[in-house]
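Below you'll find the structure, written out as structure tokens, and then a few comments.
The values are calculated or read from the model by the stated rules, or taken from the named source; none is laboratory data. Please read all numbers here as calculations on a predicted model, not as lab measurements. Positions of Cβ are backbone-derived with ideal geometry, glycine not excepted, and every protein chain shown enters the neighbour counts.
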Amino acid sequence: MNSDLQRPPVSLWLLISPTALAFLALMCRSALARKTMFLPIVGIALYVTTIGMSLGDYVIAGAFTAYVFAVFDLLVPTDAHHELRLVDQPPPSAGTLPLFARATWALCVLTSPRPIGWTNEPKNGSIPPRPTDTSRIRFATRQIVYTTFHLLTLKVLSATMTGHISRNGLDLARTGWGWRLVDTLQYGSTTSTWLSVTHRAWTLALLCAGRWAPSDFAPILASLGNAYTLRRFWGPGRL
């Protein structure tokens, strides 16, 4: 059997440690301490992406790489405590908040990649419009219908993928240009659909908590029909 298939999966503590360290770093009042905490995060990410991983861990390595850049922006060039503030957050910096409030703030930072609901939320139309329907039942029903459709789409994509993937990533060079285009569209569609499924599942869970209304949940992806120019593709046509 191929030795790649015999490698054990990445341990759970390695998977959660970058997020846990980022959370602890954001809790620190010292800007220098927050910057220093980035070093073990990038070290763990480098270790995870270089150890002999199984085929399924290619996706994890890609996610870790993107996460490193996101955490770097939060901890190193940005003074998060002074620059990142929720819309309803009191004027003082996050460093002056009590322990529990600061922990809540840090959790919100890590779970708000677009920063929706923050004072620095993009105002250039790059975030799709929020839902205008205030009915929780209708909103939840739409999320369930779309999630079901997305899951069926993933099933079809999974059954039709050609499987040109190896430990080092997609091995598209072994195929002709026609299959390369098909594979690229399939893997891109799979990634986009999984993002939508995850976002809708979180939306439903948070909506059931009763703390948020439908208008709080902007779609994660806008319609591709709006991406008819390069500017609109990178703006309101996508995230």
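Within region 111-139, work out how many residues are surrounded by fewer than 16 Cβ atoms within 10 Å (Cβ to Cβ) and not in a loop (DSSP other than H, G, I, E, B).
Residues that pass the stated criteria total 3.
Can you tell me how many residues in region 86-123 are within 21 Å of L32 (Cβ to Cβ) and not aromatic (F, W, Y)?
Residues in region 86-123 being within 21 Å of L32 (Cβ to Cβ) and not aromatic (F, W, Y): 12 in total.
When you scan region 127-158, how many residues do you find that are under 20 Å from the mean Cα position of the chain (by Cα) and touching a residue at least 60 places away in the same chain (Cβ under 8 Å)?
Within region 127-158, residues that are under 20 Å from the mean Cα position of the chain (by Cα) and touching a residue at least 60 places away in the same chain (Cβ under 8 Å) number 5.
Mind telling me which of the residues F100, F139 ends up being over 24 Å from S192 (Cα atoms) and out of contact with any Gly (no Cβ under 9 Å at 6 or more places or on another chain)?
When all the criteria are applied, what remains is F100.
Out of curiosity, is T104 among the polar types (S, T, N, Q), out of contact with any Pro (no Cβ under 7 Å at 6 or more places or on another chain), in contact (Cβ under 8 Å) with a residue 12 or more places away in the chain and assigned to a helix (DSSP H, G or I)?
No, not satisfied.
State which residue pairs qualify: first residue modelled with pLDDT under 90 and inside region 192-213, second residue among the aromatic types (F, W, Y) and assigned to a helix (DSSP H, G or I) in any location, beta carbons under 8 Å apart, and separation of 6 or more residues or different chains.
From residues that are modelled with pLDDT under 90, the pairs are S196/Y146; L207/F139.
Within region 9-24, take every residue that is modelled with pLDDT under 90 and either outside any helix (DSSP H, G or I) or hydroxyl-bearing (S, T, Y) (or both) and give me the one that is nearest to F100 (Cα to Cα).
Going through the qualifying residues, I end up with S11.
Among (1) surrounded by 13 or more Cβ atoms within 10 Å (Cβ to Cβ); (2) more than 20 Å from W212 (Cα to Cα); (3) assigned by TED's automatic domain parsing to the domain that holds G43, where does T153 come up short?
Just one mismatch for T153, condition (3).
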